[in-house]
Amino acid sequence: MMLLFVLSFVVVCAILMALLFIYITSVTYAKVVRFKEEKFYLNPKSGEKEPFPSIEDEPTVLLSVIVPAYNEEKRLPAMLEECLHYLEEKLKTNPENTFEVIIVDDGSTDKTTQIGLGYSEKYGSDKVRVLTLSNNRGKGGAVRLGMLSSRGKQLLFADADGATTFEDISKLQENLQQLIKGQTRDAALGLVCGSRAHLEKEAIASRSLFRTLLMKGFHLLVWLFAARSIRDTQCGFKLLTRPTAKLCFPNLHIERWAFDVELIYIAEYLNIPTGEVSVRWMEIEGSKIVPVWSWLQMGRDLLLIWFRYTTGAWKIRIHS
């Protein structure tokens, strides 16, 4: 009995010490690290490097599409073809539908940057720009730097694999207009998430019981500890207003897979209106997510997000 008590005491002390260590070593306010060479993009026609704008600047195009890409030389072209074809057709029908696509190469070791520059040369650097990161940051870090370098009134991030049908952005834009109705135009806040929740039954039917339990467990953790307004937090197809991006992305601490959850957590904390819209989606070969390990990592990050914000180890800075 005494041995059990001692062991329990040791375990509790170890847990408390670990939590104290996490609290002490946490950086209260998120820091955006950006190397000098990441502040410029190459204009293929002039051969000169030009500075990216800032999210603090006034918008000069309607839509910015941020495409995080890590070793995506094989899947990126199909996604860009679909994306740019849709955007060009929209521009033809209405000259106000101006756009830019920012491909963020997240420290790739393949020809991802070269692929992006090929499209920049074809369409012009006013429409397609490549932001090449000095080293791999993770999807969240890549999306954040792309957002902070954008010019759009509306900002979308979309996965490089092209798993989501790009023209479904129109559904997100319609929902976003509903969310910001009645708000001041230059300060309108809203975040709309593409969702695969309607495909969940089909996904469960094709998964093993173990993977299904992991998925359900992850969704439960998300609901309990982080985000309650969005069912599918991980779909890489999210649209937000510029003021929303300006508030949320400088506050992101998580730079890898769970960054979506923290983004929604921050939006809910700041009472930013959120929406969720079903989109067409299909599995594309070459996913960087390792089903079991990645979910376990995201589960760990969820608990850390909850603990750090709840204890005040992490705080949200409200930018004016």
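The values are calculated or read from the model by the stated rules, or taken from the named source; none is laboratory data. Keep in mind the model is a prediction, meaning the values are calculated, not measured. FYI the Cβ positions are ideal-geometry reconstructions off the backbone, even for glycines, and counts take in every protein chain you see. In case anyone asks, the SASA skips ligands and DNA or RNA and just uses the protein heavy atoms, side chains included. Shrake-Rupley method; radii C 1.70, N 1.55, O 1.52, S 1.80 Å.
Could you count how many residues in the stretch 119-133 are hydroxyl-bearing (Ser, Thr, Tyr) and part of a helix (DSSP H, G or I)? Result for the stretch 119-133: 3. Number of residues in the stretch 109-118 that are of a type in the set (Gly, Ala, Ser) and open to solvent by less than 10 Å² (accessible area, probe 1.4 Å) equals 1.
Within the stretch 20-36, is there a residue that is among the polar types (S, T, N, Q), more than 22 Å from the chain's Cα centre (by Cα) and assigned to a strand (DSSP E or B)? No, because not a single residue in the stretch 20-36 is among the polar types (S, T, N, Q), more than 22 Å from the chain's Cα centre (by Cα) and assigned to a strand (DSSP E or B).
Within the option set TYR86, TYR41, TYR23, being open to solvent by 50 Å² or more (accessible area, probe 1.4 Å) and either aromatic (Phe, Trp, Tyr) or at pLDDT below 90 (or both) holds for one residue only, TYR23. Would you check if LYS238 is farther than 18 Å from GLN297 by Cβ, under 15 Å from the mean Cα position of the chain (by Cα) and open to solvent by 50 Å² or more (accessible area, probe 1.4 Å)? Considered against the rule, which asks whether it is farther than 18 Å from GLN297 by Cβ, under 15 Å from the mean Cα position of the chain (by Cα) and open to solvent by 50 Å² or more (accessible area, probe 1.4 Å), LYS238 comes out as no. Applying the criterion of being free of Cβ contacts under 8 Å to residues at least 60 places away in the same chain and in a helix (DSSP H, G or I) to the residues of the stretch 263-284, the residue that is most open to solvent (accessible area, probe 1.4 Å) is TYR269. Within the stretch 232-261, how many residues turn out to be over 26 Å from PRO59 (Cβ atoms) and either touching a Cys at 6+ places or on another chain (Cβ under 9 Å) or not in a loop (DSSP other than H, G, I, E, B) (or both)? Within the stretch 232-261, residues that are over 26 Å from PRO59 (Cβ atoms) and either touching a Cys at 6+ places or on another chain (Cβ under 9 Å) or not in a loop (DSSP other than H, G, I, E, B) (or both) number 3.
Scanning the stretch 141-164 for residues that are modelled with pLDDT under 95 and open to solvent by 10 Å² or more (accessible area, probe 1.4 Å) returns ASP159, ASP161, GLY162, THR164. Number of residues in the stretch 138-164 that are among the β-branched types (Val, Ile, Thr) and over 12 Å from the mean Cα position of the chain (by Cα): the value is 1. Considering every residue within the stretch 57-78, establish whether at least one is open to solvent by 60 Å² or more (accessible area, probe 1.4 Å), within 19 Å of PHE166 (Cβ to Cβ) and not in a loop (DSSP other than H, G, I, E, B). Yes: the stretch 57-78 contains one or more residues that are open to solvent by 60 Å² or more (accessible area, probe 1.4 Å), within 19 Å of PHE166 (Cβ to Cβ) and not in a loop (DSSP other than H, G, I, E, B).
For first residues located in the stretch 165-185 and of a type in the set (Asp, Glu), partners that are open to solvent by 90 Å² or more (accessible area, probe 1.4 Å) and lie 6+ apart or on another chain with Cβ distances below 7 Å form the pairs ASP168/ARG280.
Only one of LYS171, LYS181 is over 15 Å from the mean Cα position of the chain (by Cα) and part of a loop (DSSP other than H, G, I, E, B); which? Lay out the reasoning, then the answer.
Numbers: LYS171 fails: part of a loop (DSSP other than H, G, I, E, B).
The unique qualifying residue is LYS181.
Every residue, every condition in (1) without any contact (Cβ under 8 Å) to a residue 12 or more places away in the chain; (2) open to solvent by less than 10 Å² (accessible area, probe 1.4 Å); (3) farther than 15 Å from LEU62 by Cα, yes or no:
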| position | (1), (2), (3) |
| --- | --- |
| GLU81 | yes, no, yes |
| LEU91 | yes, no, no |
| PRO95 | yes, no, no |
| GLY107 | no, no, yes |
| GLU121 | no, no, yes |
| ARG129 | no, no, yes |
| LEU133 | no, yes, yes |
| LYS139 | no, no, yes |
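Looking at (1) more than 12 Å from LYS127 (Cβ to Cβ); (2) outside any strand (DSSP E or B), which is the only condition CYS83 fails? The single condition CYS83 does not satisfy is (1). Restricting attention to the stretch 1-59 and to residues that are touching a residue at least 40 places away in the same chain (Cβ under 8 Å) and aromatic (Phe, Trp, Tyr), the residue that is farthest from TYR309 (Cα to Cα) turns out to be TYR41.
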